[in-house]
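Asker: Take this structure, written in C-alpha cells, and hold onto it; I'll ask about it next.
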Amino acid sequence: MKHVELLAPAGDLDRAKTAIRYGADAVYIGGQSFSLRSRASNFTDADIAEACAFARDYGASVHVTVNIIPHEDDLEGLERYLRFLQECGVKAVIAASPTVMRLARECAPEVEVHCSTQLSVTNAAAAEFLYRELGIDRVVLARECTLDDVKAITAASPVPTEAFIHGGMCVNYSGRCTLSNRMTLRDANRGGCAQSCRWMYHLYEGDNEITEEGRLLTMGSKDLCAADEIQGLLEAGVSSFKIEGRMKTEYYVASVVSAYRRLIDELEAGKIPDESRMAYHRKEILKGENRAVCDGFYKGCAGADSLITRANSDADVNHDFLGRVQSFENGTAVILSRNPIRVNEQIEVLSPGKENRVFAPAWLMDENGEYMEECRRPMTALRMPVPFETAADDIFRRFG
Ligand code: SF4
C-alpha cells in the first residue's frame, strides 16, 4: 500500500508548525488575499516563507489555498503572488477558478495545481477534463462523494485524488452557496462566509410560526468524521487525506492530526484494528472535536440525522485543552494555562510521536510563586510537577 499524505489545516504559523510536529505530511494555508477563509488569521508573505522552511526540515510540504472565485477586480497582484509562492518552495496551490489554474501553470510551473473541492468533482470524467484542459496535478473530491464514487474516480482518474476525512461540512455543495451573501452581503466565494446555515431560525408555515417557544432551528451539518472509512479510502488508492478547519485552534490541530496519524500508521503497517482498538481511535479523534459528527456521504446520501437542527449554545466550546508546555526542568513543567485546572486532576500529555501519557499534579503554582488548589485564570504561566519528561509545545488536556 502506498503512503497516503495526511494534509492538515493551519490558520497561522503556530498551527502549521503544530500540525507538522504532530504528524501531518503537509499543511494547507491561506495567504492574506486570493483565499477563502479570509477571516482566518491568514499568513503574511514572511509567514509563508517560514512555514515552507519549517516544513522542509521535517520532510513535509506546504499547500496554499488560492481558491477565491475572482471577479475582475480581484485579479490584481495574482501573478506576482503565484511567482512568490514558487520562490518559497510551496508544493501546491489549491485553486477553484480556471483563471487561477491557468495563471498558476504559466507563472509558477514548478508548483502543482490542485483542483479545489469547490468544483464539486464527483466523477472521473470531470477529473479527466480538468487534467486535459487545465493541466491540474491533483483533484480534491467533492465531500458529497460516496466511498464507491471515490473508488471509481480514483481508479479512472488521470491524476491523484484527495479526500476529506474530518471537519466541517457545508449543508450545500461547497462553493455553491450564497446564503451568507444574501444574509450578510458577505461573499462565501470570496472568503466571507458568515456560516449563516448555523444560525438559529424561526420556522413559518404560511404566516404561522411553527417553531416551539425557545427552540429555534438551525440547518447546519454535523462535522465529518471518517475514522471508519480510512481503510476503504486507503484501499481505493486515495493519495491524500484532508482534515478541514483553518479556523480551528492549535489544540484541535494537534489532537485530530495525532489521532489520525496513529490510525493511518497502524493501517499502513497492516495492523487491522479490532472493534475495541477502533473505539479507541474514534475516542482519540473526537477528543479534539467540539461539534456533533457524522460519516458524511461516504455510506450514501447524508440524511436528516447528519444535520444539527437544534442549537446547543455549549456545542462549540471545548474545555479540555488545559495548556501548552513552555518549559520543563528538574521534573517541573511550566504551561500557559487555557482552561481551569485543579490539583490532583488527571491530565493527559500529547507529545509528537509518543503515546499519550497521564499524570495528576500534586501541586500548582502561579507566576508569583503562590500555591493554588485550582487555577481558573487563562494565560497563567502555571508550574506543576510532572513524573516524566515533557518538552516545549507538548499539550496538556483533561483526561477522560
Ligand atoms: S453558509 Fe453554510 S453551507 Fe453556505 S457556504 Fe457557509 S458554511 Fe457552507
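Asker: How many of the residues making up the range 367-400 are farther than 20 Å from V349 by Cβ and of a type in the set (F, W, Y)?
Answerer: Residues flagged as farther than 20 Å from V349 by Cβ and of a type in the set (F, W, Y) within the range 367-400 amount to 1.
Asker: Name the pairs: first residue in the range 67-84 and free of Cβ contacts under 8 Å to residues at least 12 places away in the same chain, second residue part of a loop (DSSP other than H, G, I, E, B), Cβ to Cβ under 9 Å, at least 6 apart or on different chains?
Answerer: none
Asker: When you scan the range 9-35, how many residues do you find that are in contact with a strand residue (DSSP E or B) (Cβ under 6 Å, 6 or more places away or on another chain) and either acidic (D, E) or outside the structural domain of R80 (by TED's automatic domain parsing) (or both)?
Answerer: 1
Asker: Out of the residues in the range 43-85 that are of a type in the set (G, A, S) and surrounded by 13 or more Cβ atoms within 10 Å (Cβ to Cβ), which is farthest from V4 (Cα to Cα)?
Answerer: A49
Asker: Given (1) surrounded by fewer than 19 Cβ atoms within 10 Å (Cβ to Cβ); (2) under 30 Å from R291 (Cα atoms); (3) in contact with a Phe, Trp or Tyr (Cβ under 6 Å, 6 or more places away or on another chain), where does P158 come up short, assuming only one miss?
Answerer: (2)
Asker: Another question about this same structure. I need the full set of residues from the range 263-313 which are under 18 Å from G167 (Cα atoms), part of a helix (DSSP H, G or I) and in contact (Cβ under 8 Å) with a residue 24 or more places away in the chain, in order please.
Answerer: Within the range 263-313, L263, I264, H281, R282, E284, I285, L286, K287, S306 meet the criteria.
Asker: Residues of the range 104-133 being open to solvent by 20 Å² or more (accessible area, probe 1.4 Å), touching a strand residue (DSSP E or B) at 6+ places or on another chain (Cβ under 9 Å), closer than 25 Å to F84 by Cβ and not charged (D, E, K, R), which ones?
Answerer: L119
Asker: If you don't mind, there's one more thing I want to ask. S240 versus (1) more than 8 Å from the ligand (Cβ to nearest atom); (2) open to solvent by 20 Å² or more (accessible area, probe 1.4 Å): which is the lone unmet condition?
Answerer: Single failed check for S240: (2).
Asker: Being in contact with a strand residue (DSSP E or B) (Cβ under 7 Å, 6 or more places away or on another chain) and of a type in the set (D, E, K, R) is the filter; apply it to the range 346-361 and report the residue that is most open to solvent (accessible area, probe 1.4 Å).
Answerer: So, considering only residues that are in contact with a strand residue (DSSP E or B) (Cβ under 7 Å, 6 or more places away or on another chain) and of a type in the set (D, E, K, R), the one most open to solvent (accessible area, probe 1.4 Å) is R357.
Here is a yes/no grid of residues against (1) hydroxyl-bearing (S, T, Y); (2) at pLDDT 95 or above:
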| position | (1), (2) |
| --- | --- |
| R21 | no, yes |
| V27 | no, yes |
| L36 | no, no |
| F43 | no, no |
| D57 | no, yes |
| S61 | yes, yes |
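So that you can scan it fast, the table gives a plain yes or no per residue for (1) open to solvent by 90 Å² or more (accessible area, probe 1.4 Å); (2) modelled with pLDDT under 90:
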{"position": "T178", "(1), (2)": "no, no"}
{"position": "N189", "(1), (2)": "no, yes"}
{"position": "S196", "(1), (2)": "no, no"}
{"position": "N208", "(1), (2)": "yes, no"}
{"position": "D223", "(1), (2)": "no, no"}
{"position": "E229", "(1), (2)": "no, no"}
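Asker: Got a number for residues in the range 362-379 being open to solvent by less than 50 Å² (accessible area, probe 1.4 Å) and either aliphatic (A, V, I, L, M) or within 25 Å of V256 (Cα to Cα) (or both)?
Answerer: First, the residues of the range 362-379 that are open to solvent by less than 50 Å² (accessible area, probe 1.4 Å): 364-366, 369, 372, 375.
Retained after the next criterion (residues that are either aliphatic (A, V, I, L, M) or within 25 Å of V256 (Cα to Cα) (or both)): 364-365, 372.
Number satisfying all stated conditions: 3.
Asker: Taking helices (runs of 4 or more DSSP H) that do not extend beyond the range 109-220, which have at least 1 residues that are within 16 Å of the ligand (Cβ to nearest atom)?
Answerer: Numbers: elements: 124-134, 147-156, 179-184.
Result: 179-184.
The values are calculated or read from the model by the stated rules, or taken from the named source; none is laboratory data. Please read these numbers as outputs of a predicted model, since none were measured by experiment. As a convention, Cβ positions derive from the backbone with ideal geometry for all residues, glycine included, and neighbour counts pool all protein chains shown. Note: areas computed on protein heavy atoms with side chains; ligands, DNA, RNA excluded. Shrake-Rupley method; radii C 1.70, N 1.55, O 1.52, S 1.80 Å.
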